[in-house]
Amino acid sequence: MQNQSFGDTTCSNLALVVRPFLQRHVKTAVGLSVAAVAWMAFKDSQGITALIMVLAGGILPCFAWTLARKPGLPIVPILGAQTVLFYGMPLLVQNPGVMRFGMDAINAVCFDIFLFGLAVTLGWMFVTRSFRFNSRPTCHQFDFLGGKNQERLAIIGPVLLAASVAFLALNSLRMLTLLPGGAFPIIRAIADAAGIGGALIGGYFVSVSILRGTGRVIYWALLASHSILTIYNYTLFPATGLLTAMLIGVFLGRGKLPYIPIIVCGLLFSFLNLSKFDMRKRYWMEGEAYAYQELSDLPARFSEWADLSWEALTVPEDPELKDTARETQRLTERVNNLANLLEAREAMVDEGIKPFGGGSYTIIPALLIPRILWPDKPRTHEGMVALNVHFGRQTREESMTTYISWGLLPEAYANFGAIWGALICGFFLGGFAGALEFWSRPYPFTSLEALIFLSVAVQFGTSFEMVASVWLTSMFQMVIALIIGTAFFVKKTRPAAQTAT
């Protein structure tokens, strides 16, 4: 990579920088897994066998990726890390919401998680070893602000972020109400894509010290402003995409995990998560998942939010005052897709509810139609709503104010049942990730295609709560928005031949 100009650096080069790190840390992950199992045995905790199955299902795709002769972007390792975190953490901390289901149920669904990890690995291997990928495809390189000049290309990150922040600010000021009904979703999709792309590109350029000085300060200020405007409605999940994009960009630039930003983001989100429900009760309009407030309210509301979280963290609750009981949620309770699997299993095994039979997937083609062409098309979350109604977790009326999340594996389990749900979902995701990884290999980092592939990697990183209809629709909208938003700033070209590595 050092012998190439920046404009010729490809996603494959970036993958070769990342692979040594993952090779070292797969061994570290195995060591930490052994330590976690030993700790649970020492504490005489339940679920040791279940945790071993989850850890095996998460580490297996990561290990397979590190053995690839010519790796692509590390998308499959993202799936593996997600599996360990969102299904293993509840067992490690003995989450009461999980342990109440009993060990027979927990072991049963954790076997499905292992099958899921195995299917991800097999799907990835099948695609990457069965199909040929063009080594020199035509691409669209950014050709503005000085073309391939590194310092000027670095400005792309702050520029994209600034556009997205401007949209959020104008929307908060209710200055976009005059837009035609069908135009707003399109502009919002472009703004969301700009935010993800800007955070990712900016994180990369900051990590390799190309974006520095005033540009670096502006980038971090815009990232903070975007995060604040995103969580201003007392919903934390939307901001995870932006921060995940930044972290992936820094990771690709450094070739190692940005531990300090990860810890800071985790602590901050965990702190705010403690009292978000209280803030929603106080300020969400009745029957709406929206808070009617002005930007000028922001300092006072965030101060109040912090005070409530600090109170929840430090002041014991009086058990006799049931009417004023706080509704809190710790981050270890939020990081818990295992409960969704167990809820689906309980409904099917104990209550006799039949699997949904693919019902949450059939809505996807209709959701890809732009709302400007079909103003009355179903909600993006329609697949999630249908699942919740089918399994009795929520009514349609309740879904108008909040959604109960699922995740891609629990959704597949709910549609196709045990074993088959895990195998179908895992094989599809592994194959999809493998195709994206290897298609991306020859594209220069300065191309629109590379930006799209990297942004899709972010979508994998934030898919833990989504159902397929939300995940694929948001991904489709993001890709279209990136193409539309950069159409006048790219030049069609063919990358130079790459030397063997």
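The values are calculated or read from the model by the stated rules, or taken from the named source; none is laboratory data. Here the structure is a predicted model, which means the values were calculated and not measured. Ideal geometry is used to build each Cβ from the backbone, glycine not excepted, and the neighbour counts take in all protein chains shown. These area figures cover heavy atoms from the full protein model, side chains too; ligands, DNA and RNA do not enter into them. Shrake-Rupley method; radii C 1.70, N 1.55, O 1.52, S 1.80 Å.
Summary table
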quantity	calculated
Column: log10 I(q)/I(0), Debye, Cα scatterers of the range 327-440, q = 0.14, 0.15, 0.22, 0.23 Å⁻¹	-0.70, -0.79, -1.27, -1.30
Two-site FRET efficiency, W39 against M103, from Cβ-Cβ distance with R₀ of 25 Å, rounded to 0.05	0.85
Tensor-based shape of the range 430-484 (alpha-carbon gyration tensor, a/c under 1.5 rounded, otherwise prolate or oblate)	oblate
Mean accessible surface per residue for the range 191-284, computed with a 1.4 Å probe while every protein chain stays in place, in Å²	38 Å²
Percentage relative contact order, the range 180-262, counting C-alpha pairs under 8 Å, at least six apart	42 percent
5 angstrom amide H check on V490, placed H, neighbours 5+ away	D143
FRET E, pair W374, A224, Förster distance 45 Å, beta-carbon r, rounded to 0.05	0.75
Label assignment, volume of the Cα convex hull per residue in Å³ derived from the structure, set (i) 161; (ii) 257; (iii) 231	(i)
Given charges at beta-carbon only (K, R positive; D, E negative), |dipole| of the chain in Debye	2280 debye
Packing-based ranking, highest mean first, of 51-59, 471-479 given that Cβ atoms within 10 Å are counted	51-59, 471-479
Under 5 Å, built H, 5+ apart or other chain: amide partners of L368	none
Efficiency of FRET between F131 and L16 - r from beta-carbon atoms, R0 22 angstrom, step 0.05	0.55
Residue-span extension gain [V349 to I480] - 0.36 nm each, minus C-alpha spacing	43.0 nm
Average accessible surface area per residue within the range 322-468, 1.4 Å rolling probe, Å²	41 Å²
Over the chain, relative contact order from alpha-carbon pairs under 8 Å, at least 6 apart, %	27 percent
Pairs of lysines in the chain (C-alpha under 27 Å apart; 8 or more residues apart or interchain)	11
1.4 Å probe accessible area per residue over the range 1-133, in Å²	45 Å²
Portion, in percent, of the accessible area of the chain that falls on carbon or sulfur, probe 1.4 Å	64 percent
The range 29-168: relative contact order in percent, alpha carbon pairs under 8 Å with at least 6 residues between	25 percent
